[in-house]
1. Specify the inter-centroid distance of the range B:213-253 and the range B:43-97, based on alpha-carbon positions, in whole Å.
2. If you fit an axis through the alpha-carbon atoms of helix B:285-295 and take the longest principal axis of the Cα set of chain B, what angle between them do you get, 0 to 90°, nearest 10?
3. Would you calculate, for chain B, the mean residue ellipticity at 222 nm contributed by helices, counting each DSSP H stretch of 4 or more residues as -39,500 (n - 2.57) and dividing by all residues, to the nearest 500?
4. I need the Kirkwood Rh of the range C:10-237: take the reciprocal of the average 1/r across all distinct C-alpha pairs and report it in angstrom.
5. For the range B:88-101, in order, what is each residue's ³J(HN,Hα) by Karplus, 6.51 cos²θ - 1.76 cosθ + 1.60 with θ = phi - 60°, in whole Hz (x at glycine and Pro)?
6. For A:76, B:40, which order do you get if you count the other beta carbons within 10 Å of each Cβ and list the fewest first?
7. Of the candidates B:167, B:221, B:26, which one comes out as most mobile in a Gaussian network treatment of chain B with C-alpha springs shorter than 10 Å?
8. Pick from C:144, C:34, C:62: which is most flexible by mean-square fluctuation in a GNM of chain C where alpha carbon atoms under 10 Å apart are linked?
There are 4 protein chains.
Amino acid sequence: MKIAAGFVLGMAVIPRHGDLKYTFGGVAPAARIQPGTRIVTWTEDCYDGAVTKPGQIPSKVQLPGHDNPQTGPFYVEGAEPGDTLAIHIEKLEPARDYGISSSFPGFGALNSTDRTALLHADLPETVWFYRVDREKNVLRTRSQDGKRSWEVPLAPFLGCLGVAPAGGEARSTIVPDDFGGNMDCPEVRAGNTVYLGVRVPGALVSFGDGHLAMGDGEIIGTAVEGAMNVELTVDLIKHRETRWPRIENGEWLMSVGAGRPLEDAARVAFKDMVAWVREKTGLSEMDAYEFVSQNARAPIIQIVDPNYTVLVKVEKRRLPSGVSP
Amino acid sequence: MKIAAGFVLGMAVIPRHGDLKYTFGGVAPAARIQPGTRIVTWTEDCYDGAVTKPGQIPSKVQLPGHDNPQTGPFYVEGAEPGDTLAIHIEKLEPARDYGISSSFPGFGALNSTDRTALLHADLPETVWFYRVDREKNVLRTRSQDGKRSWEVPLAPFLGCLGVAPAGGEARSTIVPDDFGGNMDCPEVRAGNTVYLGVRVPGALVSFGDGHLAMGDGEIIGTAVEGAMNVELTVDLIKHRETRWPRIENGEWLMSVGAGRPLEDAARVAFKDMVAWVREKTGLSEMDAYEFVSQNARAPIIQIVDPNYTVLVKVEKRRLPSGVSP
Amino acid sequence: MKIAAGFVLGMAVIPRHGDLKYTFGGVAPAARIQPGTRIVTWTEDCYDGAVTKPGQIPSKVQLPGHDNPQTGPFYVEGAEPGDTLAIHIEKLEPARDYGISSSFPGFGALNSTDRTALLHADLPETVWFYRVDREKNVLRTRSQDGKRSWEVPLAPFLGCLGVAPAGGEARSTIVPDDFGGNMDCPEVRAGNTVYLGVRVPGALVSFGDGHLAMGDGEIIGTAVEGAMNVELTVDLIKHRETRWPRIENGEWLMSVGAGRPLEDAARVAFKDMVAWVREKTGLSEMDAYEFVSQNARAPIIQIVDPNYTVLVKVEKRRLPSGVSP
Amino acid sequence: MKIAAGFVLGMAVIPRHGDLKYTFGGVAPAARIQPGTRIVTWTEDCYDGAVTKPGQIPSKVQLPGHDNPQTGPFYVEGAEPGDTLAIHIEKLEPARDYGISSSFPGFGALNSTDRTALLHADLPETVWFYRVDREKNVLRTRSQDGKRSWEVPLAPFLGCLGVAPAGGEARSTIVPDDFGGNMDCPEVRAGNTVYLGVRVPGALVSFGDGHLAMGDGEIIGTAVEGAMNVELTVDLIKHRETRWPRIENGEWLMSVGAGRPLEDAARVAFKDMVAWVREKTGLSEMDAYEFVSQNARAPIIQIVDPNYTVLVKVEKRRLPSGVSP
């Protein structure tokens, strides 16, 4: 892996609310950075910061189209289509001492939506506030009637991390696709590196939609959502194409697929992993197909966004080795 | 949970090949057992035992329709529609010192099939033999050219465990559905209890298709397949309906959904888990929807069988508790 | 097309209610017939005849599993796997002067079902009676409040026509698949010939579920349903395999595909039509792909049964001809 | 239906190639028009005019992202979100005496694609030229080996007709969605009126991708494609929201749904038709559900674009009427 020249620079960029963006692509860069720049910044929550206390109904206090506000985009000097960004996430911390989760009318996995378009009346829009307990490293909330409580382990990640799409497209920040975007993937977390293929000059990378925790499927339509303090470094790998988002750490190779129906999102990620294993090991296609078949972990990420997402993971230490003579 | 009267009896039932069955439903019972009976037996591999050495092509040596031969079915005395079987799996061990995996023409997640019916020529039918290394607790195989090798941790489970379906149906042993069947679920393993709703008098429970290990998705169409020594106890819970298969152990509640497209399999399992959490805690539906949304793990089980399967898991210790006054 | 030897015999078989069947496969033949036999008979409606007057709620008066009762099955002498039945439908007439349509809880295209499993409460079970106006050749009904009326042109067909499936399976009469079954296809009508591949000795062909009319999609879950007087002739084509149901008349070639998601049902039918065009014309695969792409009609048949069905049609007179020198 | 004030003006706008657009949204208007303006213009073919003679391979001569070039967009004075454009298509004629069809690698219904991502090698990229025979009103082509020929009736329509999407999005001209776009719908033809909801001030309506003929499904990925002479009038209906594209003529009401899987595209269109029938007749929801269920025609439009499209049609003369006392 050849890392482009560049030096690491701490650059604090705390965006004003008016500078937040609501699309991937179609917007001017917030800043230009050299490859290798460490960005120290902050992201607003998915509610655009409009929900601040119990009793508020998100769909009434939030402007339409103002979901998942983005910090950025950053124009990466020298990045061109055919290159890859390697984004090292160094730190993600809740910026407030609460998180919010809610159902939205017409959004979610177990209710009628704009596409799974049925004749049922909407389920009631409902909101839960979660306390961040940094000591116990959990989130805590109560049932609507106040009689029951539960905890969720704190596990922060960025729901959105993406570059501008190809072909002059601009996509809503609720959409995940080959450019990354609203992947809602728990592995976009501190300690991991995310690879995104560059589609436009400068890449125009942005991020937001901090999740304090989320179950697989994100079935109600939201995670435990919260503003986030973010530190990450954006590196550039010249002349390496990345068709679909990849994530890596010391132990795992991970591919993210997006699409509908859900089996197509899975096929995308599995096919990418077969290719990645071949790149790493030189296996034939059929051998790599078999290897991934017996070794993959494949959690459903979410089944609520305009494209569904699936993660396929393979442990590096399981990768085939040469046979000793 | 009221367990029906019954005593535990060790009963060794080693079936002859001619007694194996290839459907759930539509076949006479192999034996009648009392609830609480411990069954000590053996299952043939998914290839009907026809593939015994490298060089054999499964589709040429195996009779059509002879996939996933079943041991059983067992008629459980007193079991009636509206009841539930609780099947405690006590022991699963590879019965041979090798396992087999292969691709089949027109079967698999990354190739044209009978339903995802495309114009491409089939991928080549390919077979891998795996050695069972009981000491290291791994399976080991080589690439087709013999130059690379890889290991997979041994993790035995039963691909098939099912009862006779409702409505006079008899289903192929490659099909998973609400009656269980070919769920290919790694949690059908020693230490876990599987709940299946009874659909016909006597339930007619059978099992087979031992998997020595399998990755999520089972994308090439097979796990590492092998004959298995099996010990399990079949209990009967009277007057409890179980609509979809559930699995439980000391730590987890698990629901299995089946269907196509894959999001429908997921919806089935998630909806069942929302209901299960409500049964356990008394939460309202919206609260349970939120709870599962933030706490579920949801691996894809397989995307190759006539119905796809998804597992949804929730940790018991995360279940909501009462709020202290 | 070589028709097997056989003579045409008018055979009136009016089944008693107790002789009706509720599965394809798994039941003994009602009669044995020679190829070429003309069957003159009658079919009960999809409600098993249990709904006879307004005010009755189908799910309360109909036995569970008693949907789409079948007349038959008929054992066709000499029919073996690898052969094809050619079923010429000569006459279909409403046997009563009313038809019935209704919604069922958990069944239909625009509501939560057992697979598209959502948290919404069921839509209300609702029934419409239609008068058969033989003079005007229409069906007529009223809105639930009695204030509005509408007509549907009478267009009778058999919702169910199928043979016993392969592999020892028995399938519910609500299921369509490669063996035919509950295709709900409006082209299974008088004047057309339906080809079904034989899966078991004797084929075991049966039919029922008369539809007086139906819109594409059958979205509420039922057509205008009615008992039917039926005349059809069952011919046998030896040594011709038919993988998926085909329908033919003087003007059209038609393939029926079944599966989920709906695009898979479509792929099955389109792929079969590409093959059929090649059989008829000798076109290359890519040419046939292009020809079908520009010439097919492809109505959605239904999106409510356990498998969805799609019809793909090509006009015979459009088939490619040789280029004159 | 209140038509906004405006006068009909013939306005010839023949775009230069450099003025063609490749997205819906994200581009400046080509012209500003008053509601009621008749636009007399021309559209380039889907190949961006780059394929001009047999032997050329589209993927080699066409710039990436230059599919389906658009004439426009037109800024409609006074159009605001919450309004509807009524686009009356008056004339569509092939602008050249040939049309082109081709397969693209990784695009099509019966081959592996970017989402139905399989391991098969691509099918060969293949091109067919069709002669336009204006006298016989057909298109004519030959098989690749020149030995067979076939005809397709000339039936011109616009594959693309759309407005700028909401939320700051810009979408590729290969995408259909609620804003119209690449619907590939044969009913976007002379004699019909298309209703599109306005999403941004001025609506920014554009069109292109002339199809000389197309089969249902568009399975090879293209119709018979051709440049087109176009005459249409853009009217504005103030204060009427249109959530999904609708099409109307003297005989039919038609709704277009887009999405994946295909059943979701169908659900969108069927749900919209249930609503439209209620608007026209005052029927209750359940009655309208039943009425559409028995009266709809629902051809698959295409199963190749990023969203699939389905058309649902109801004959106006079948709409319920009042019951005479």
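No value in this document is a laboratory result; all are computed from the given coordinates. Only a predicted model underlies this, so the values are computations on that prediction, with no experimental measurement involved. Glycine gets a Cβ as well: all are built from the backbone with ideal geometry, and neighbour counts include every protein chain shown.
1. 13 Å
2. Around 40 degrees separate the two axes.
3. Numbers: 3 runs with 35 residues, N = 325.
That comes out to -3500 deg cm²/dmol.
4. Values: mean 1/r = 0.0558 Å⁻¹.
Across the range C:10-237, the inverse of the average 1/r is 17.9 Å.
5. Result, rounded to whole Hz: 8, 8, 9, 7, 9, 9, x, 8, 10, 9, 9, x, 10, 9.
6. Values: A:76 28, B:40 18.
By the 10 Å Cβ count, ascending, the order reads B:40, A:76.
7. Highest fluctuation of the listed residues: B:167.
8. It is C:144.
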